[in-house]
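S.K.: One structure, as structure tokens, below. Some questions next.
The values are calculated or read from the model by the stated rules, or taken from the named source; none is laboratory data. No experiment lies behind these values; they were computed from the predicted model shown. Counting neighbours? That spans all protein chains shown, and the Cβs are built from the backbone with ideal geometry, glycine included.
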Amino acid sequence: MTTINAKNLTLGEVHRLFGFQKQYASSFLSLLSLEEIAEHEQQDLIQIRDDFDDYISTDRVSEGLVKALTTFPLMRLAGFYRRPIKISLEQDIAEISIEDEDTIVKGRFDILAVNKIKPIRSDTYFWVLVIETKNSGINAFMGLSQLLTYAYQNLKYQDTIWGLTTNGMHYQFVYIQRSNTPTYQLMPLLNLMEPESSVLLLQVLKAICKL
């Protein structure tokens, strides 16, 4: 039996092992109801952007700092720290057994938001959003293989999961769906440093939080 860490899987290997098919979406509007951002929220968003800019302008920002400077403040602003949502950090996923390959996949997700009033079995709650973070020098897209691997296990219990992979500047959302052939839609790439894109980023996070 071979054991593989999810962080070492390529996207092609994830497609082959789990049967994922990739799709593209040109807009969030077919999946989410986006609301206007209040003035105080826009000011908080600008502050998050400026804080991150101060760091990224001088050096590469580590994965931990990406979380501290951008991911956590954005999640707080979007409402993820309030009931019924609960956040989990750095937890191991259940082992995924690939019988045809005689392989076990292990891993540890960065951030998971669950809805505590939506139990889907006795020990599992509805996954609202799973997030994979990278340091600022790595393309955000590189976290996609891990993200899909972590989400795959919970597709046994729910039809859809939202995922996000980010390096602090760029935010790649994916909409993951269970079917005979699991699929994921790559949503438009968002940029914290661009004013209009950053507003859309917050709108998307707020909409996902309310699902």
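S.K.: Six or more apart or on different chains, Cβ atoms under 9 Å: show the pairs whose first residue is in the range 184-197 and of a type in the set (Phe, Trp, Tyr) and whose second is in a helix (DSSP H, G or I).
M.R.: Once the first residue is of a type in the set (Phe, Trp, Tyr) and sits in the range 184-197, its partners that are in a helix (DSSP H, G or I) give Tyr184/Leu144; Tyr184/Leu147; Tyr184/Leu148; Tyr184/Ala151.
S.K.: I'd like the residue in the range 159-194 that is more than 12 Å from the chain's Cα centre (by Cα) and of a type in the set (Val, Ile, Thr) and, out of all such residues, is surrounded by the most Cβ atoms within 10 Å (Cβ to Cβ).
M.R.: Checking each candidate, the answer is Thr183.
S.K.: Let me ask you something else. Hey, could you check the range 63-86 for residues that are hydroxyl-bearing (Ser, Thr, Tyr) and surrounded by 20 or more Cβ atoms within 10 Å (Cβ to Cβ) and say which is nearest to the chain's Cα centre (by Cα)?
M.R.: Going through the qualifying residues, I end up with Thr71.
S.K.: A follow-up question, please. For the range 37-51, which residues satisfy the criterion of being in contact (Cβ under 8 Å) with a residue 60 or more places away in the chain and either touching a Gly at 6+ places or on another chain (Cβ under 6 Å) or within 13 Å of Gln203 (Cα to Cα) (or both)?
M.R.: Ile37, Glu41, Gln42, Leu45
S.K.: Are any residues in the range 102-127 free of Cβ contacts under 8 Å to residues at least 40 places away in the same chain and hydroxyl-bearing (Ser, Thr, Tyr), and if so, which ones?
M.R.: Result: Ser122, Thr124, Tyr125.
S.K.: Find all pairs meeting these conditions: Cβ atoms under 7 angstrom apart; at least six residues apart or on different chains; first residue within the range 128-140 and more than 24 Å from Gln177 (Cβ to Cβ); second residue basic (Lys, Arg).
M.R.: Here the result reads Asn135/Arg60; Ser136/Arg60; Gly137/Arg60, each pair linking the range 128-140 to a residue that is basic (Lys, Arg).
S.K.: Which of the strands (runs of 3 or more DSSP E) contained wholly in the range 1-113 include at least 2 residues that are of a type in the set (Ser, Thr, Tyr)?
M.R.: Where strands (runs of 3 or more DSSP E) fall fully within the range 1-113 and carry at least 2 residues being of a type in the set (Ser, Thr, Tyr), they are 2-5.
S.K.: Which residues, taken from the range 140-151, are surrounded by 23 or more Cβ atoms within 10 Å (Cβ to Cβ) and not small (Gly, Ala, Ser)?
M.R.: Residues satisfying the conditions are Gln146, Leu147, Leu148, Thr149, Tyr150.
S.K.: Could you identify the single residue in Lys118, Lys156 that is part of a loop (DSSP other than H, G, I, E, B) and either buried (at least 22 other Cβ atoms within 10 Å of the Cβ) or basic (Lys, Arg) (or both)?
M.R.: After applying the criteria, what remains is Lys156.
S.K.: Here's something else I'd like to know. Which of the residues belonging to the range 121-139 are surrounded by fewer than 23 Cβ atoms within 10 Å (Cβ to Cβ) and of a type in the set (D, E, K, R)?
M.R.: Selection gives Arg121, Asp123, Lys134.
S.K.: Which of the residues spanning the range 127-144 are in contact with a strand residue (DSSP E or B) (Cβ under 9 Å, 6 or more places away or on another chain) and either among the aliphatic types (A, V, I, L, M) or not in a strand (DSSP E or B) (or both)? Give the derivation first.
M.R.: The initial filter retains those residues of the range 127-144 that are in contact with a strand residue (DSSP E or B) (Cβ under 9 Å, 6 or more places away or on another chain), namely 127-134, 139-144.
Matches in the range 127-144: Val128, Leu129, Val130, Ile131, Lys134, Asn139, Ala140, Phe141, Met142, Gly143, Leu144.
S.K.: Suppose the filter is hydrophobic (A, V, I, L, M, F, W, C), surrounded by 12 or more Cβ atoms within 10 Å (Cβ to Cβ) and either more than 21 Å from the chain's Cα centre (by Cα) or at pLDDT 95 or above (or both); does Leu31 pass it?
M.R.: Taking the combined requirement at face value, the residue satisfies it.
S.K.: Filtering the range 87-106 down to residues that are at pLDDT below 80 and surrounded by 16 or more Cβ atoms within 10 Å (Cβ to Cβ), which residue is farthest from the chain's Cα centre (by Cα)?
M.R.: The selected residue is Ile96.
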